[in-house]
Amino acid sequence: MDSDSALYLNGATIMATATARQVEVARETGFDGVEVRAERLLGADAELRAATAVVRPGEVWSLNGLQLQLRDDGALDRERLERELPPRVEICRALRAAYLLVVPPRRADADRTKAVAAMREGLGAAREAAASIGAGIAFEFLGFADCPIDTPALAAEVVMNLPGVDLVLDSCHWHASGSGSLAAFPVDRLAMVHLNDAPPKPPREVEDADRLLPGQGVIALRTLVDALRARGYAGPWSLETFNPTYWSADPSQVASEGRRLLGELLEPAMRD
């Protein structure tokens with residue numbers, strides 16, 4: 001399978017399922033690997049050991065992840081970063097994750113210029129820590145109104161001239177940001193695309209917990225996929241929702257349906 005058709009299952013889609021079982025479900029339903037969740041593994045030594053025992057080399061694309069925080073003066077909360085980064089790097093090491101995924105804070109009062117500088121500082125520190133175990137850093141902007149890094153253009157500004165930091169694009173975050181042009185977004189820095197959908201509500205009111213399986217909502221996913229491929233994107237795709245409705249369902253059924261929907265969305269473009 002070439003990289004353009006590689007599909008991953010993000011653990012948030014079946015969050016109530018233990019990580020080791022998430023790995024097994026991904027295999028059983030036709031995914032190439034997983035993105036594991038820090039929320040399940042931090043301070044959960046038994047779950048981490050169980051997951052470590054079952055994962056195969058290259059099967060964990062990322063640990064999601066780490067949220068950079070700001071102090072009240074707009075600067076990076078470096079003390080918190082130095083506290084939260086080491087245990088996440090250790091999880092990446094144990095599971096041989098290729099990436100640690102980093103996201104910006106949600107602070108409506110943040111100054112954007114200061115926030116960009118803070119994100120760059122934090123990503124630089126995270127990059128050094130991850131490099132010590134051979135992992136990379138991927139940065140994902142959030143499209144919410146209370147996030148200071150809420151557009152593709154701002155994400156591009158954050159990583160500009162910051163080598164060793166790749167990007168992740170989430171379709172729902174793109175939608176929440178206004179589904180604007182990706183012309184300023186450096187697709188050559190894009191390492192992963194999270195595919196999901198959103199309900200018919202004002203985009204700025206959409207939250208992560210609203211995310212639906214692809215094709216079940218109002219996002220112009222085919223337009224997004226085609227635009228990324230036209231710009232040269234040939235990397236992997238991941239199924240990520242964060243919807244508690246799915247957590248109470250059978251994880252294999254959720255993953256199987258999500259895999260089917262991803263196939264419908266992606267395979268026609270692959271054949272073109």
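The values are calculated or read from the model by the stated rules, or taken from the named source; none is laboratory data. For clarity, every value in this text was computed on a predicted model and none was experimentally measured. We place every Cβ from the backbone using ideal geometry, glycine too, and count neighbours over all the protein chains shown. These area figures cover heavy atoms from the full protein model, side chains too; ligands, DNA and RNA do not enter into them. Shrake-Rupley method; radii C 1.70, N 1.55, O 1.52, S 1.80 Å.
Screening SER62 against (1) without any contact (Cβ under 8 Å) to a residue 60 or more places away in the chain; (2) among the polar types (S, T, N, Q); (3) touching a strand residue (DSSP E or B) at 6+ places or on another chain (Cβ under 7 Å) leaves a single unmet condition, (1).
Of the residues making up region 224-243, those that are over 16 Å from the mean Cα position of the chain (by Cα), open to solvent by 30 Å² or more (accessible area, probe 1.4 Å) and under 27 Å from PRO148 (Cβ atoms) are ALA227, ARG231.
Exactly one residue out of GLY65, GLY122 is buried (at least 19 other Cβ atoms within 10 Å of the Cβ) and modelled with pLDDT under 95, and it is GLY65. Look through region 72-96, keep the residues that are among the aliphatic types (A, V, I, L, M) and not in a loop (DSSP other than H, G, I, E, B), and return whichever of them is surrounded by the fewest Cβ atoms within 10 Å (Cβ to Cβ). My answer is ALA94.
Sub-8 Å Cβ pairs linking a first residue in region 44-56 that is assigned to a helix (DSSP H, G or I) and surrounded by 11 or more Cβ atoms within 10 Å (Cβ to Cβ) to a second residue that is modelled with pLDDT of 95 or more and of a type in the set (Ser, Thr, Tyr), at least 6 apart or interchain, are GLU47/THR19; LEU48/THR19; ALA50/THR19; ALA51/THR19, ordered by first then second residue. The set of residues from region 221-246 being within 17 Å of ASP197 (Cβ to Cβ), in a helix (DSSP H, G or I) and in contact (Cβ under 8 Å) with a residue 24 or more places away in the chain comprises LEU221, ARG222, LEU224, VAL225, ASP226, ALA227, LEU228, PRO244, TYR246. A residue that is over 22 Å from LEU262 (Cα atoms), surrounded by fewer than 17 Cβ atoms within 10 Å (Cβ to Cβ), at pLDDT 95 or above and among the hydroxyl-bearing types (Ser, Thr, Tyr) can be found somewhere in region 102-113.
Restricted to region 57-70, and to residues that are of a type outside the set (A, V, I, L, M) and assigned to a strand (DSSP E or B), which residue is farthest from PRO105 (Cα to Cα)? For region 57-70, the residue satisfying everything is TRP61. Of the residues making up region 97-137, those that are small (Gly, Ala, Ser), closer than 14 Å to LEU85 by Cα and either in a helix (DSSP H, G or I) or within 19 Å of the chain's Cα centre (by Cα) (or both) number 9.
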